[in-house]
Amino acid sequence: MSKKQFKSESKKLLDMMINSIYTHKEIFLRELISNASDAIDKLYYISLSDENISFNREDFYIRVSADKDSRTLTITDTGIGMTKEELEDNLGTIAKSGSLAFKSENEAKEDVDIIGQFGVGFYSAFMVADKVTVTTKRFGTDDAFVWESEGADGYTVNETTKDSAGTEIVLKIKENTEEENYDEFLEQYKLKGIVKKYSDYIRYPIKMMVSKSRPKEDNKEEYETYFEDEILNSMVPLWKKNKNELKDEDYNNFYKEKFFDFSDPAKVIHTSADGSVSYNALMFVPSRTPYDFYTKEYEKGLQLYSNGVLIMEKCGDLLPDYFSFIKGLVDTPDLSLNISRELLQHDRQLKLIAQRIEKKLKSEFLSMIKNDREKYNEFFAQFGRHLKYGIYADFGQHKEVLEDLIMFYSSKEKAMSTLEEYVGRMLPDQKVIYYACGENVDRIAKLPQVEAVADKGFEILYFTEDVDEFAIKMMMKYKEFDFKSVSSDDLDLKTDEEKKQEEELKEESKDLLEFLKESLGDKAKEVIISKRLKSHPVCITNAGEISIEMEKVLKASPEGNNFKAERILEINPDHAVFATIKKLFETDKEKLKKYTSVLYNSALLIEGLSVEDPVEFSNNICELI
Ligand code: ADP
């Protein structure tokens, strides 16, 4: 029989595939095994609906065998097989798989990884084989056919004989080249590995004769090689099993093995959905921050399976950035194998799944907050900062998802508190959420400004992380409440009486304050008398949008020096220091200048800022002592 040409599109794709520098050549095996599994499915369904045909589950299997001498790799299935027409239609053209349509759309863009994550189907065999021979017999017919091709120049179909229905595909594996090792596709360990990686959950057994060794019967010192049939795949995916059949241990082992962690996950989320989209998802919250989490190499994503067959190792579109620490997988029958990474991004089903997953994760975290607080605290210690960055990123557009998941240390509870909990405890006349920034809880607790607000009975949230204040600035409000720093200049906590006193003192000490301001130069925007202070002589507060805490963080950035908080030096009129200052103003202005500098610098120290000129500071102190 003369050689037939492939339909032209197929030819183009074949060329492209064979010549492209495709890095995952090993997926050819996944493709052929998936086809075999589909073929068995078809026969299985026929047998279910026809009483005259009876099969045992054991009759269905896929076999992989390699022969190094002849450089052949054979994949056999006991599926439905193909008629002559089907052979020609299915293997003579590739157009219907949609792959080609995609190719031409992208023809212009050269560096698109065309075959990237493709389900390239049967043709992928040519990535590793010089010649492919398909022998097949359609179930219910007597004729068998053999299809043969050496690649792009065409194929032949001839009659042959075959005992039982099904298909056998023989690949003549290419010789090694400098760049490419093809030998490994004939190695038992490699084949086992590929099957495990991509086809572990194919529902039919994938068998292979494997060589093993054992001590000899007559001489236990010596070993002999023997062959044994082995099933390479585990067949039923864990996530498709019934939840009540599964123990914690099953999940934990699965997680550790699959996601290379030494510790058990902090939380397992096993869920499924049916309806507009259907999927099974199995997700894990790691108990520790992955070691590479803060590196560029860390890639977020869930594994994506289509009916138990892995189609993408890390599908980033399934996870929002702020949940990027989640590990796991999604299995959905709604996606075809023939989908590229580029097409996936636009896939409506996938978007729906991603939305559901985000919702599910959020609700799991909320229930942890209510029902398993200790665990949530541990989780938050690991990933809380990441959630706060999530609020700050993208101009706060994700605040609705995240605002109820973040926590801060509460001055009243002496523990981490959510914003909802804080609001629940607000005093009847309280209008804002108070917060204070600092390096750690102890230092914040000692801030003079904190003392002033706490004295009025208000609860204060302690912001100890860089990101905290930035995140809430992005949020603007929680429910109807504004956030207010205890260090801001417009706290408005004073009673009318206190305000009146302040006014009077201000009037009285006008010249003194002016002198102080002048001696500080542009370090402080203003020097004021303040009734907010109780035991401390001075403090620094700030006016304007940028707080002192934000200034500290911004300083670390390249353009940081452009951001400076407007400082206000507040002086406690009831403190002995004030009396001294007043006296000096009358008697020794030079000395007063030094005092002012020392006071200003010590206020900076309390804020966790460094003194501007340590040598001058220390000289001043020594001199005054
Ligand atoms: P796809 O599987 O995406 O349709 P392929 O190129 O892999 O594309 O296969 C084309 C068609 O060839 C399949 O749809 C199927 O009808 C047929 N086919 C491939 N392999 C087998 C097989 N082992 N047994 C029966 N039919 C097969």
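The values are calculated or read from the model by the stated rules, or taken from the named source; none is laboratory data. Quick caveat: nothing in here was measured; it's all calculated off a predicted structure. Here the Cβ is made from the backbone with ideal geometry for all residues, glycine too, and neighbour counts use every protein chain on show. The protein model used for the area step is the full one, side chains on, heavy atoms only, and it has no ligands, DNA or RNA in it. Shrake-Rupley method; radii C 1.70, N 1.55, O 1.52, S 1.80 Å.
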For segment 488-505, enumerate the residues that are farther than 28 Å from I546 by Cβ and among the basic types (K, R). K500
Restricting attention to segment 36-57, which residues are open to solvent by less than 70 Å² (accessible area, probe 1.4 Å) and among the polar types (S, T, N, Q)? S37, S47
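Do we find that M426 is in contact with a Gly (Cβ under 8 Å, 6 or more places away or on another chain) and either modelled with pLDDT of 95 or more or in the same structural domain as F365 (by TED's automatic domain parsing) (or both) in this structure?
Numbers: in contact with a Gly (Cβ under 8 Å, 6 or more places away or on another chain): no; either modelled with pLDDT of 95 or more or in the same structural domain as F365 (by TED's automatic domain parsing) (or both): yes.
When the stated conditions are applied, M426 does not pass them.
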Condition check: farther than 25 Å from I202 by Cβ and of a type in the set (S, T, N, Q). Does T295 satisfy that? yes
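Every residue, every condition in (1) farther than 22 Å from K375 by Cα; (2) open to solvent by less than 20 Å² (accessible area, probe 1.4 Å); (3) at pLDDT below 95; (4) not in a loop (DSSP other than H, G, I, E, B), yes or no:
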site	(1), (2), (3), (4)
L282	no, yes, no, yes
P290	no, no, yes, no
F293	no, yes, yes, no
Q303	yes, yes, yes, yes
I311	yes, yes, yes, yes
L335	yes, yes, yes, no
Of all residues in segment 193-223 being touching a Lys or Arg at 6+ places or on another chain (Cβ under 7 Å) and either modelled with pLDDT under 90 or part of a loop (DSSP other than H, G, I, E, B) (or both), which is nearest to W239 (Cα to Cα)? Y198
Hits in segment 30-80 - residues which are of a type in the set (D, E) and either assigned to a strand (DSSP E or B) or within 13 Å of the ligand (Cβ to nearest atom) (or both): E31, D38, D41, D67, D77
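Quick check on my filter: what residues within segment 169-218 are of a type in the set (G, A, S) and touching a helix residue (DSSP H, G or I) at 6+ places or on another chain (Cβ under 9 Å)? Before you say what the answer is, go through the steps one by one.
Filtering segment 169-218 for residues of a type in the set (G, A, S) gives 193, 199, 211, 213.
Those that are of a type in the set (G, A, S) and touching a helix residue (DSSP H, G or I) at 6+ places or on another chain (Cβ under 9 Å): S199, S211.
Given the condition under 41 Å from the mean Cα position of the chain (by Cα), more than 18 Å from A36 (Cα to Cα), at pLDDT 90 or above and open to solvent by 10 Å² or more (accessible area, probe 1.4 Å), answer yes or no: does some residue in segment 152-168 qualify? Before the answer, list the steps.
Initial filter on segment 152-168 (under 41 Å from the mean Cα position of the chain (by Cα)): none.
Checked against the condition, which is being under 41 Å from the mean Cα position of the chain (by Cα), more than 18 Å from A36 (Cα to Cα), at pLDDT 90 or above and open to solvent by 10 Å² or more (accessible area, probe 1.4 Å), segment 152-168 yields no hits at all.
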Residues being within 22 Å of E570 (Cα to Cα), in a loop (DSSP other than H, G, I, E, B) and either touching a residue at least 40 places away in the same chain (Cβ under 8 Å) or open to solvent by 80 Å² or more (accessible area, probe 1.4 Å) (or both) - total across segment 468-523: 8
